[in-house]
Amino acid sequence: MKVRNLTAGSEIYTSNAYLCLPSFPGEGNSEMDNQKCGLLIDTGCDPQILSILKQIESENRSQPVCQVILTHSHYDHTKILKDIKSIWPVKTYAYSAYLHGIDNVVKGGETVQVNGKNFDLIHVPGHSTDSICIYCRENQLLFSGDTPLTIWGTEGTYERPFVEAFEKLVELPVHTIYPGHGEVITKDCNRILEQSLRNLRKSRVL
């Protein structure tokens, strides 16, 4: 599987928008797996991704995205959803029941299957009450949205549900972290998570 950030180089404020596609011919070619059709994690708010998706559609001669998962409801992660749905028949997933255009409201613990890959949805209330992280088991990829994963100090105050959810993240073998903003983390992901959990436990927890 290959992951492409469709908002890379954007000149406006936007979240990252990750398109996950099969990385070689034949991967995800069964009817059940939507035939090379992509999973988009967050839409961002830059309309340029519509042109990029249309270009991918032209190159692959197939629908570029079939499913969309939103990490939370903030506009910089969701604004382009309505435009995508007006062009392609996509299935959408989010924790928030108040977002317009959501087909599947999740609670955490669900798995979305795309192109033979399993994407586990993990509720991590912290940045927002409706935040989720998405974990691809087969490739050990963690899409974290705006959930804070790098906690270097012990001066902060955190709510217990966030700490308990973070403990579940630390149990996962993580090869790469794809954050909602900023650069992808490709080194020492589990060490970073473990150190952050130690700092969380030393911080004030409500």
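We did not get these values from a lab; they are worked out from the coordinates using the rules stated. Keep in mind the model is a prediction, meaning the values are calculated, not measured. Cβ placement follows ideal geometry from the backbone for every residue including glycine, while neighbour counts extend to all protein chains displayed.
Here is how the numbers come out for the structure above:
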{"item": "Per-selection Kirkwood Rh - the chain (Cα, Å, 1 d.p.)", "result": "17.3 Å"}
{"item": "Potential extension, residue 164-residue 97 segment - 0.36 nm per residue separation minus Cα distance", "result": "21.8 nm"}
{"item": "Excluding exposed DSSP-loop GluC sites (Glu not before Pro) (at most 11 other C-beta within 10 Å), longest clean stretch of the chain", "result": "12-137"}
{"item": "For the chain, the longest site-free run once chymotrypsin sites (Phe, Trp or Tyr not before Pro) in DSSP loop states with at most 12 other Cβ atoms within 10 Å are removed", "result": "14-97"}
{"item": "Positive-end residue, segment 2-205 charge dipole about Cα centroid, Cβ charges, pick of 173, 40, 143", "result": "173"}
{"item": "Any cysteine of the chain lacking a neighbouring Cys Cβ under 4.7 Å - listed by number", "result": "20, 45, 133, 136, 189"}
{"item": "Angle in degrees between helix 189-202 and the longest Cα principal axis of the chain, rounded to the nearest 10", "result": "40 degrees"}
{"item": "Loop-resident sites, segment 39-82, for trypsin sites (Lys or Arg not before Pro), counting at most 14 other Cβ within 10 Å (DSSP)", "result": "61"}
{"item": "Stretchable slack from residue 54 to residue 139, in nm (0.36 nm times residue separation minus alpha-carbon distance)", "result": "27.9 nm"}
